[in-house]
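The values are calculated or read from the model by the stated rules, or taken from the named source; none is laboratory data. This one's a predicted model, so the numbers in the text were calculated from it and none came from an experiment. Positions of Cβ are generated from backbone atoms using ideal geometry, with glycine treated the same way; all protein chains shown enter the neighbour counts. When the accessible area is computed, the model is the full protein with side chains, heavy atoms only, and any ligands, DNA or RNA have been set aside. Shrake-Rupley method; radii C 1.70, N 1.55, O 1.52, S 1.80 Å.
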Amino acid sequence: MITLFWCPQTRASRILWLLEEMDEPFEVRLIDIRKPEAKQDSDFMAASPMGKVPALMDTASTGTVYVADSAAIALYLADRYPSSGLAPALDDPSRGKYLYWMTYTPGVIEPAMMEKFTGQEVSRSTAGWGNFDTMIEVLEAALKQGPWVMGEQFSAADVLLGSSVNFMKMFGILPENTVLEAYIERCLARPAFTKALARDAELET
């Protein structure tokens with residue numbers, strides 16, 4: 001059984017979307033990371049030593065897997081459950097491109113978002129993520145051909161990227177961009193996204 005450790009208004013919502021894209025049973029365990037009691041849940045702390053969500057516990061006859069961080073969880077789930085069709089096979093030539101986009105959110109988008117929020121000016125040539133404008137330019141170029149970052153095939157990378165672009169729009173830092181706006185609309189139109197939003201709202205009440 002897959003257990004998602006979830007807290008409202010956090011990055012855990014993107015893994016809820018990913019799980020809805022998969023045809024696998026899962027349960028959601030509410031962990032209020034804003035309260036010290038969260039650290040009393042031994043399963044959660046085994047999965048997330050930093051006490052952050054999302055975190056995942058996957059229990060099977062071969063043993064229990066614990067994993068935290070959106071990108072790591074998405075990589076694990078897409079590879080562990082290949083029937084979901086959310087990742088290219090290990091020997092697929094497109095695997096390199098897929099791995100790049102799977103790590104684009106934590107490695108590029110999120111540092112660039114923090115740059116934008118703080119008003120920090122960084123050197124495009126020395127910052128690992130370039131800068132906010134570079135991040136947008138590269139993402140736009142990748143999605144111009146569409147409909148998804150890997151082309152015709154929706155993948156776990158789109159869950160990470162789509163949720164990130166949606167977050168930027170919600171936070172008011174997404175510049176006017178027809179390519180990224182259309183991408184968000186395609187993501188929002190997916191039944192699994194709709195189910196995840198509904199489940200998010202239900203869990204929050």
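For the residues A12, A38, the requirement of being in contact (Cβ under 8 Å) with a residue 40 or more places away in the chain and either at negative phi or of a type in the set (V, I, T) (or both) singles out A12.
Listed by position, the helices (runs of 4 or more DSSP H) contained in the range 145-205 that have at least 3 residues being among the small types (G, A, S) are 156-170, 191-204. Selection of the range 117-158 for residues being crowded, with 18+ Cβ neighbours inside 10 Å, in contact with a Phe, Trp or Tyr (Cβ under 8 Å, 6 or more places away or on another chain) and more than 15 Å from P88 (Cβ to Cβ) yields M135, L139, A142, L143. Restricted to helices (runs of 4 or more DSSP H) entirely inside the range 4-119, those with at least 1 residues that are of a type in the set (D, E) and closer than 26 Å to L203 by Cα are 12-21, 42-47, 110-118. Within the range 74-95, the set of residues being open to solvent by less than 30 Å² (accessible area, probe 1.4 Å) and touching a Pro at 6+ places or on another chain (Cβ under 6 Å) comprises R95 only.
For the range 55-62, indicate whether the set of residues that are in contact with a Pro (Cβ under 9 Å, 6 or more places away or on another chain) and open to solvent by less than 60 Å² (accessible area, probe 1.4 Å) is non-empty. No, the range 55-62 contains no residue that is in contact with a Pro (Cβ under 9 Å, 6 or more places away or on another chain) and open to solvent by less than 60 Å² (accessible area, probe 1.4 Å). Here V138 does not qualify as of a type in the set (A, V, I, L, M, F, W, C) and under 27 Å from W6 (Cα atoms). The requirement of being closer than 23 Å to F5 by Cβ, aromatic (F, W, Y) and surrounded by 15 or more Cβ atoms within 10 Å (Cβ to Cβ) is satisfied by F167. Flag: A74 matches the condition of being under 19 Å from F193 (Cα atoms) and in contact (Cβ under 8 Å) with a residue 40 or more places away in the chain.
Only one of Y104, Y81 is hydroxyl-bearing (S, T, Y) and touching an Asp or Glu at 6+ places or on another chain (Cβ under 8 Å). Can you tell me which? From the options Y104, Y81, the qualifying one is Y81.
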